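Below: one structure, written as structure tokens.
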Amino acid sequence: MARGIAIRAANHARREYLPTYLALRFMFERSGQTDLDDWVANLARATCITERSLPYRGYRIVKSISEEEIQYRECFAPSPLALLVEAYILSEISEFEAFQAPRQNVYSYRWPSRKSGHSYQFFLSGYKARQRKIAELLSRANEQSLAVFITDIERFYPSANSEKLLNRFEARLRSTTLEDGLARGFRHAAAQMFAGGRNTGIPIGSALGHLFGHIALEKVDISLSERFGESYLRYVDDIVIVAPRDMKDEVERAVREAVSQEGFTLNADKTFWVRGAEWTDTNLNENLQQRFEDIKNDMLLFLTWHPQSFSALRDALRSEGFNFPLSVFRSMATYSRFRAIFPKALKHIWKRRQWLPTLESIIAEGKELKRDMLEHYKALVTDSTPERSPLDTKLDAQRLKWCLNRLMYLFAPGELTCLRTFIRRRLESPGCIRLAAW
């Protein structure tokens, strides 16, 4: 049994639905248990075997905003007990071959290490791995002769057939060595998850639901990986195939057939081709990405090395208008698992830069990053290139969201009005309808 079921459940709730997270923390504190891991595992196991009811609560988040309307995404939050059961199930089944997605083709929601505090690997790691793989495939041949097919499935989670998925899940459970009572309990818990989501597909907000995303596309993965090998790459429902340009019709037909046979439809607005030579321009600004990660790591290392300087660093950052969640870094700096790898992290930083972060260097680093990030942001919102392709429009939105999310930490709340002015100009520019919907 993996350790850390409690922390895996708590980490999921903290990201998805704060009320459940607070209730879970209250449950842990009131339990009075000295060995929380064993208590949680035994509780989750007993809940599965006795097939107890597991409630889910519906809530909505904003999906998109347009001049005509606000569209919402329907989500479902597990109760604290359901969340513990989900984390327990995922931990138990992750070791079985029946629940392994084809690693060379599927890059989302991969199983974590046994010691991880999360039920899946960090999402960005898989996404970056896929981007690197695409670049590698293009580099193996003359990129002028290759093209990248990009598409995704329309309303993937909501349109999945819950009954079909439960039958496939049950079949996989039968191929494991799980005892019959526990396997039945896992199936019952999954059925409760779908019922909690009103049987309208895979519930969004459930950790267990992501596993069913893989199950829903298992035959698509088999079909397209057999046909295109490692050139077929999937991230959730986002499908990419790298192929010679003269195979465009064959590729598109194969993907449509594989997806339609499973009852899904490709999103026409997000289906297009990119020439291999253009792919190198589709990534985010790597220099700014690295520098933003560097300053976060520098604050974390500084607080680990100088915990008594928390107030001094907080006051210095605030005086420059920075808005970093320093209390989060302080919590991480005291985390036993991070402190265990702290010497290795220091060695890596020293090897790469030959200096260690100080309060002064962090402030200087932040000022330079703020200046360069703002210039990058201005360049993005003032780009008036006509005839934007679907890929350009999609990338515009991704780059702007990425940049805006980080500028929120580099600007004081009172300074954010200037960013709003720039983005309004961009949204009102010609040819920007889809970006405005974002």
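The values are calculated or read from the model by the stated rules, or taken from the named source; none is laboratory data. Quantities reported herein were computed from a predicted structural model and do not represent experimental measurements. Quick reminder, even Gly has a Cβ in these numbers, built from the backbone with ideal geometry, and neighbours come from all protein chains shown. Areas reflect the complete protein model, heavy atoms only, side chains present, ligands, DNA and RNA absent. Shrake-Rupley method; radii C 1.70, N 1.55, O 1.52, S 1.80 Å.
General observations
- Inspection of the stretch 103-120 finds a residue satisfying the criterion of being free of Cβ contacts under 8 Å to residues at least 60 places away in the same chain and surrounded by fewer than 18 Cβ atoms within 10 Å (Cβ to Cβ).
- Counting only helices (runs of 4 or more DSSP H) that sit wholly inside the stretch 107-183, those with at least 2 residues that are touching a strand residue (DSSP E or B) at 6+ places or on another chain (Cβ under 6 Å) are 123-139.
- Residues (among the small types (G, A, S), surrounded by 18 or more Cβ atoms within 10 Å (Cβ to Cβ) and at pLDDT 95 or above) located in the stretch 250-286: A254, A258
- Residue match in the stretch 88-95 (condition: open to solvent by 40 Å² or more (accessible area, probe 1.4 Å), touching a helix residue (DSSP H, G or I) at 6+ places or on another chain (Cβ under 8 Å), modelled with pLDDT under 95 and part of a loop (DSSP other than H, G, I, E, B)): no
- Annotation: R60 fulfils all but one of (1) under 26 Å from T200 (Cα atoms); (2) out of contact with any Pro (no Cβ under 9 Å at 6 or more places or on another chain); (3) assigned to a helix (DSSP H, G or I); the unmet one is (3).
Residues checked against (1) among the acidic types (D, E); (2) modelled with pLDDT of 75 or more; (3) over 29 Å from E278 (Cα atoms):
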site	(1), (2), (3)
A364	no, yes, yes
L369	no, yes, no
H376	no, yes, no
D392	yes, no, no
P413	no, yes, yes
L416	no, no, yes
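- Matching entry among I433, I349 (being modelled with pLDDT under 70 and within 30 Å of K115 (Cβ to Cβ)): I349
- Pairs with Cβ under 6 Å, 6+ apart, first in the stretch 175-204 and open to solvent by 60 Å² or more (accessible area, probe 1.4 Å), second in a helix (DSSP H, G or I): S175/A98; R187/E170; N199/S162; T200/P158
- Residue that is surrounded by the most Cβ atoms within 10 Å (Cβ to Cβ), among those in the stretch 230-249 that are in contact (Cβ under 8 Å) with a residue 60 or more places away in the chain and not in a strand (DSSP E or B): D237
- Inter-residue pairs, beta-carbon under 8 Å, first within 18 Å of L208 (Cβ to Cβ) and modelled with pLDDT under 95 and in the stretch 35-52, second in a loop (DSSP other than H, G, I, E, B) and of a type outside the set (D, E, K, R), 6+ apart: A41/M1
- Here the stretch 45-57 is the region considered, the condition is being under 30 Å from the mean Cα position of the chain (by Cα) and outside any strand (DSSP E or B), and the residue that is nearest to Y17 (Cα to Cα) is P55.
- One residue stands out in the stretch 1-34 among those that are out of contact with any helix residue (DSSP H, G or I) (no Cβ under 8 Å at 6 or more places or on another chain) and in a loop (DSSP other than H, G, I, E, B): the one that is surrounded by the most Cβ atoms within 10 Å (Cβ to Cβ), namely Y17.
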